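Asks: Mind having a look at this structure? Questions to follow.
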Amino acid sequence: MNTRTNATLVAVLAIALAGCASRPDTFRANTTIDPARYAVTCAGEYEAPPRLASGKAPVYPVGMLNPALIEDRKVRHLPMRWPVNATFTVDAGGHTTDIESTPTTPAAFGQHMTLAVRSWRFTPAQAGDEAVPARCTAGFTFVLG
C-alpha cells in the first residue's frame, strides 16, 4: 500500500472509532447495551413493565464515515449528532414488533435504529400471572467526532 492509502485507512479508522455516543449515560454504536443503564419507557395495561434483557446499540451508518462528508459538515457547521427514537411493541414473548423510528436525514440513522430494536429481547410485561404486550419508546443519539 502507498502512503496515501495508509493515511486514508488511518483516517477512516479514527473516524469510525469516534463515530459513536461518548457520554457515560449513552452507549457506543454496535456494543451490547447494559439493560440496567438503558432507559426504555413503556405504557400499557400491566402491573410489571417489560424489562430489556439483551440487545445492542445501533450500528453507525458506514456511509456517514466518509472523510469528505465529515469535513463538509464541519465547514458548514452542520450538526454532528443525530438523535433517533424508536416506538415499538414488546409482545407477550418478549420480542419487538411494529417498530417505527423517527424520520432522520439521512434516513440511514432511523433505519439502523429500527434494525437494532428488531433484535432486542425483553422480559415481557406482566398483568397478574399473564405476559401482556406493551408499547415502548427508546432513544439513541449517534455522535460523530
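The values are calculated or read from the model by the stated rules, or taken from the named source; none is laboratory data. Please read all numbers here as calculations on a predicted model, not as lab measurements. Please note: Cβ atoms are built from the backbone with ideal geometry, for glycine as well, and neighbour counts cover all protein chains shown.
Asks: Every residue in the stretch 82-98 that is part of a strand (DSSP E or B) and more than 14 Å from P58 (Cα to Cα), please.
Replies: Result: T87, F88, T89, V90, H95, T96, T97, D98.
Asks: Please pick out the residue among L52, L78, L65 that is over 25 Å from R37 (Cα atoms) and surrounded by 15 or more Cβ atoms within 10 Å (Cβ to Cβ).
Replies: L65
Asks: Something else: Could you please let me know if D91 is surrounded by 14 or more Cβ atoms within 10 Å (Cβ to Cβ), within 17 Å of T137 (Cα to Cα) and modelled with pLDDT of 80 or more?
Replies: So D91 fits the description; yes.
Asks: Of these, A125, A131, which one is in contact with a Gly (Cβ under 8 Å, 6 or more places away or on another chain), farther than 23 Å from P79 by Cα and surrounded by fewer than 21 Cβ atoms within 10 Å (Cβ to Cβ)?
Replies: Going through A125, A131 in turn, just one is in contact with a Gly (Cβ under 8 Å, 6 or more places away or on another chain), farther than 23 Å from P79 by Cα and surrounded by fewer than 21 Cβ atoms within 10 Å (Cβ to Cβ): A131.
Asks: Can you name every residue in the stretch 96-120 that is within 24 Å of G44 (Cα to Cα) and crowded, with 16+ Cβ neighbours inside 10 Å?
Replies: T96, I99, S101, M113, T114, A116, V117, W120
Asks: So Y60 ticks every box in (1) surrounded by fewer than 18 Cβ atoms within 10 Å (Cβ to Cβ); (2) in a loop (DSSP other than H, G, I, E, B) but one. Which box is left unticked?
Replies: (1)
Asks: Name, by its number, the condition in (1) touching a residue at least 40 places away in the same chain (Cβ under 8 Å); (2) outside any strand (DSSP E or B); (3) farther than 14 Å from L52 by Cα that does not hold for P79.
Replies: Only one criterion in (1) touching a residue at least 40 places away in the same chain (Cβ under 8 Å); (2) outside any strand (DSSP E or B); (3) farther than 14 Å from L52 by Cα is unmet by P79, namely (1).
Asks: Quick check on the stretch 99-129: of everything there that is touching a residue at least 24 places away in the same chain (Cβ under 8 Å) and in a strand (DSSP E or B), which residue is nearest to Y60 (Cα to Cα)?
Replies: Here the residue is R121.
Asks: I'd like to know if the stretch 12-27 contains one or more residues that are part of a helix (DSSP H, G or I), more than 20 Å from F142 (Cα to Cα) and at pLDDT below 75.
Replies: Within the stretch 12-27 (the criterion being part of a helix (DSSP H, G or I), more than 20 Å from F142 (Cα to Cα) and at pLDDT below 75), the answer is no, since none of the residues qualifies.
Asks: Here's another thing I want to ask about it. Only residues that are among the hydroxyl-bearing types (S, T, Y) and in a loop (DSSP other than H, G, I, E, B): list them for the stretch 36-57, please.
Replies: Scanning the stretch 36-57 gives Y38, Y46.
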